[in-house]
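Asks: Supplied in structure tokens, the structure appears directly below.
Just so it is clear, none of the values below were taken in a lab; they were calculated from the coordinates. Everything numeric here is computed off the predicted structure, so don't read it as measured data. All Cβ positions, glycine included, derive from the backbone under ideal geometry; neighbour counts span all protein chains shown.
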């Protein structure tokens, strides 16, 4: 829309096309692709679900990094919408740090449970409410040994470890600080500012909209687990059930010393890189999203992804992420 204002001005709210009026005030759809005589492509319909319609067009301008990469056409718009609709102007440093600590604390609980049967029982009891049976069984086996428990961390979603820490603190008050530094830091942060770092507050700060699942664009975390793509209403439920991106980007920004306001720049850019890194092997290979997200995070830590902060003149300058983080401290 920034590059072509005519695209906005051509939006036809009457839903009257060459095929006649089929739906009045329906969700927007793109028509006229490749028809230059008619003025080019434009949107037809209402403003309802407009972010998804715009993201559906934007995905066509993102080239995958790997040849023959399998991506999901209905999932990528959801990722782009989640990266743009939430805003972080009012989020404080403690809230972003708490989001990172909850994830790290959940990981500490899982690793510590490998050597403590009582803790392992508590951890699996909480995860049973978030993981499907097959993943829960794999997790139970992995948590029997320290090495496999440590290796399992990279396969866990940020939402899984976040909910694990949050529910563990709720069900077993005072115990979380016994199992690692992140738990102790989290408890100290809670004592400092309890109202701003509750899980409910962080749901709103780093959650995602769920127009299909919850009939609402309010940011939240449902913790339903990943829906299978096949049969999931053209992938909208699959895309909306993926709630991990903003939590992960917040943790990444916290680790690298960025202020929360920089999430407004970082999250859209990192999400586009994540989309380009997706390389699925089959239609239900949802871990491809997790692999792409972590790969993007590693590239960002290594300074391979340029940050593009807006200057005072409104222009965009590209600078390495390591330089931006240092100048932002």
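Asks: Which value in nm describes the separation of the simple spin-label points at residue 298 and residue 261, placed 7 Å from the Cα toward the beta carbon?
Replies: Distance between label points: 3.4 nm.
Asks: Right, something else. In which sequence would 227, 238 go, from the one with the fewest C-beta neighbours within 10 Å to the one with the most?
Replies: Least to most surrounded, the residues fall as 227, 238.
Asks: Please identify which residues in region 137-160 have an amide N closer than 18 Å to a label point set 7 Å out from the Cα of residue 171, following the Cα→Cβ vector.
Replies: It comes to 137-144, 157, 159-160, nothing else.
Asks: Would you please state which residues of region 73-90 a label at residue 29 would reach in this model, taking the label point 7 Å out along Cα→Cβ and a backbone N cut-off of under 19 Å?
Replies: 73-75, 77-78
Asks: Which of 298, 282, 49 comes first, and how do the rest follow, when ranked by fewest Cβ neighbours within 10 Å?
Replies: Exposure proxy ranking, most exposed first: 282, 298, 49.
Asks: Hey, fewest Cβ within 10 Å first, where do 81, 261, 141 land in order?
Replies: Result, fewest neighbours first: 141, 261, 81.
Asks: What spacing in nm lies between the two simple spin-label points modelled at residue 285 and residue 178, each 7 Å away from Cα in the Cβ direction?
Replies: The answer from the label model is 4.3 nm.
Asks: Testing the spin-label approximation: label points 7 Å from Cα along Cα→Cβ at residue 218 and residue 84. State their distance in nm.
Replies: Placing both labels 7 Å beyond Cα along the Cβ direction yields 2.4 nm.
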